[in-house]
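All remarks here apply to the structure that follows.
No lab work stands behind these numbers, since they all come straight from the coordinates. The structure presented is a predicted model; accordingly, all values stated were derived computationally and were not measured. Please note: Cβ atoms are built from the backbone with ideal geometry, for glycine as well, and neighbour counts cover all protein chains shown.
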Amino acid sequence: MAEDGGPRAAAPRAIALVGPYLSGKTTLLEAILARTGVVTRQGKVADRNTVGDSSAEARAHTMSVEVNVADVDYLGDRYTFLDCPGSIEFLYEAEPVLPAVDAAVVVCEADEKKVPALQIVLKRLEDLGVPRMLFLNKIDGVSGELRDVLAALQPASAVPLVLRQLPIWENDIATGFVDLALDRAFVYREHAASEVIDLPGSVADLKAEARFHMLEQLADFDDALMEQLLEDIEPPKDKVFDDLARQFRAGEICPVFLGAAETGNGVRRLLKALRHEAPEVAATAERLGVTGTTPMVQVLKTLHTAHGGKLSVGRLFGGPMKDGATLTGPGGDSERIAGMFRMVGQDTAKIDAAVPGDCIALGRLDSAKTGETWAEGKAAPDQLVAAPPPPPVYALAIAAAEKKDEVKLTTALAKIMEEDPSLSLEHNADTHEMVLWGQGEMHLRVALERLTGRFGVSASTAPRRIPYKETIRKPITQRGRHKKQSGGHGQFGDVVLEIRPQPRGSEFVFSDSISGGVVPKNYIPSVEIGVRDYLQSGPLGFPVVDVAVTLTDGSFHSVDSSDMAFRTAGRLAMSEGLPQCAPVLLEPIVEVEILVPSEATPKVNAIVSTRRGQILGFDARPGWPGWDVVKAHMPESELQDLIIELRSATAGVGTFAYKFERLSELTGRLADQVLEVSRAA
């Protein structure tokens, strides 16, 4: 296929820009916008003037914290580029996007330390069957042979990395490249397309070797090409391009392009490759199982704008759609679109209609959630691919700075969580705290900045309290007698309780062995309520568990006894008896599964040990070459900032999930510290 030839795409295409943190995705988007005429001057992330990362939070931290969407036209075709964050803390932003795109450009550097982060991205694309190509950015910073760079990156990919270009060096600067498929050399031109030049003698031998290796890789999936190579027959260029496109679309290879997004070098060549080789929306619809011509929208992102209200950014499949159409969601609810827009960063442009393949923002679909599929018609549509958020790993207790803002806080948090489903809110019944959970320290910091900057709500935060419990070690029999006379009817309740420790995990058991009616049956439930009242906060100040209480005796007054009197008597017996039962603190122990690159496993084992963890073992992570799963039992209190240390030890890629395992006695200095903090609170 000729470099600018070939049929035009029948529909708009959607391309995801993904890759490790700080690899240059937003800079690449800016370079694309500059070279397609969307912006007149290419901005810089450091200067905080890019179209992507234009939110206040992204600019404050000079990093992507949400998906950025931009429509462009290139050589008569329309593309939507979706720039996804690279930090693992914001990685879920890409999750609803990736299944719906036609292809992904994975931006990376020649940095072996970032291979695990690159693997995370590539593995997800491989699992979804999304065609992907690598853009090896910052090419001027590459040291050593390019073949060694590719060999270092190859473990991140389950399919061959196929080098499509060779750099032409001059004084350690890449001044151009050799296109191995076209078999031509080009020189970069500032603010202009690269120009064809004669092949420099310095790269002739390297070119021949690299081109033959590329053809060998293609021949692994093409028997006819293999025969031509064995017979020293030069394959036609059209045949080479056909193989490259077919194998890329099938996910059999991952092509590698070179460039420097900051200077724009290699960007046009990348765009041309996407134009000729990226699948169209029909292929993506087939991959997702979309059939028929019913217009349907996969919601990729939810935004709450200051003036336009809620926007649901989605990709259209099936058939064309007009503004004002009525869509039905997964629950059967129908809503009418109130505005249809194209997007370039935070700028929107109103449109009247869209065609399959378009990425559009729809106004006022109040019930629509990120990841859902909405369609025209009355029936609830089948849902396309939607992955649940990853388990949270970091939390802060949160409260309104001023009591009058409590309702405003919960309303704002609901909108923030609608935009970012990897945030969650927990109302902890044990600690009576509202706890905001997320994917890391920066993740929650950005959420809090949105609260203040966009919704005008000030919140106070603190480390969440651990839900400690307490129990007893010794049994006791205790009388509780409540008698009060103040004129008229008095209050009288008298109970004898047998209080015993229970095996761990038995919770609370109440029974009675009353005979002879010394405590009337109708008052016995009130005694249990009084006992439970006290167990909410025992002698150490924490909920009491694993205790059995039996009502064995008591007395009543025919006039003065009441439900409230016996409830008070039960509480009195517990408050006087439990402090004599050798109360002991219980801390929650959790089972943790830590996912880390294998080279970091010894460090992680050491981290677990220093946090009072008991390592249960580690094994290879299934389906993830070069990764381990470390399993351990740890006190829940040691998880508070575990993710920060874990990420530091794993170049930012380690994570974990946990579940409650058991309660375990905590004594000595650590118990004293917990009690001291609890009393102070």
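A few remarks follow.
- Partners of LYS237 within straight-line reach, counting aspartates and glutamates whose Cα lies under 14 Å from its Cα and excluding those fewer than 8 residues away in the same chain: GLU3, ASP4, ASP179, ASP183.
- Each of ALA261, MET296, PRO167 was placed along the dipole of the chain (beta-carbon charges, centred on the mean Cα), and the one lying farthest toward the positive end is MET296.
- Taking 28 Å as the straight-line reach from the Cα of LYS469, the lysines in range (excluding those fewer than 8 positions away in the same chain) are LYS631, LYS659.
- When both segment 102-129 and segment 40-71 are represented by their alpha-carbon centers, they are found 22 Å apart.
- The alpha-carbon of LYS113 sits under 19 angstrom from the alpha-carbons of these lysines, leaving out residues fewer than 8 places away in its chain: LYS25, LYS123, LYS138, LYS603.
- In segment 474-581, the DSSP beta bridges split such that about 75 percent are antiparallel, to the nearest 5.
- Between helix 406-419 and the chain there is an angle of about 30 degrees, using the helix long axis and the longest principal axis of the Cα atoms.
- Within segment 470-554, none of the chymotrypsin sites (Phe, Trp or Tyr not before Pro) combine a DSSP coil assignment with at most 13 other C-beta atoms in a 10 angstrom radius.
- Charged side chains reduced to their Cβ positions (Lys and Arg at +1, Asp and Glu at -1) give the chain a dipole of some 2580 debye around its Cα centre.
- Cα gyration tensor category, rounded, prolate or oblate, for segment 159-304 with a/c compared to 1.5: oblate
- Share, in percent, of DSSP beta bridges within segment 13-285 that are antiparallel, nearest 5: 50
- Trypsin sites (Lys or Arg not before Pro) restricted to DSSP loop in segment 23-85 with at most 11 other C-beta within 10 Å: ARG41
- Gyration tensor (alpha-carbon) shape descriptor, segment 235-327, a/c threshold 1.5: oblate
- Segment 251-277 and segment 165-242 have Cα centres separated by 14 Å.
- Prolate/oblate/rounded label for the chain (Cα gyration tensor, a/c 1.5): prolate
- Computed over the chain, the per-residue total of -39500 (n - 2.57) for DSSP H runs of n ≥ 4 gives a 222 nm mean residue ellipticity of -8500 deg cm²/dmol, rounded to 500.
- Helix 524-535 vs. the chain, principal-axis angle (Cα, 0 to 90°, nearest 10): 60
- Distance from the alpha carbon centroid of segment 459-503 to that of segment 414-428 works out to 36 angstrom.
- A full extension of the chain between GLU676 and GLU234 corresponds to an added length of 151.1 nm, given 0.36 nm per residue minus the alpha carbon distance.
- In degrees, nearest ten, helix 441-455 long axis to first principal axis of the chain (Cα): 90
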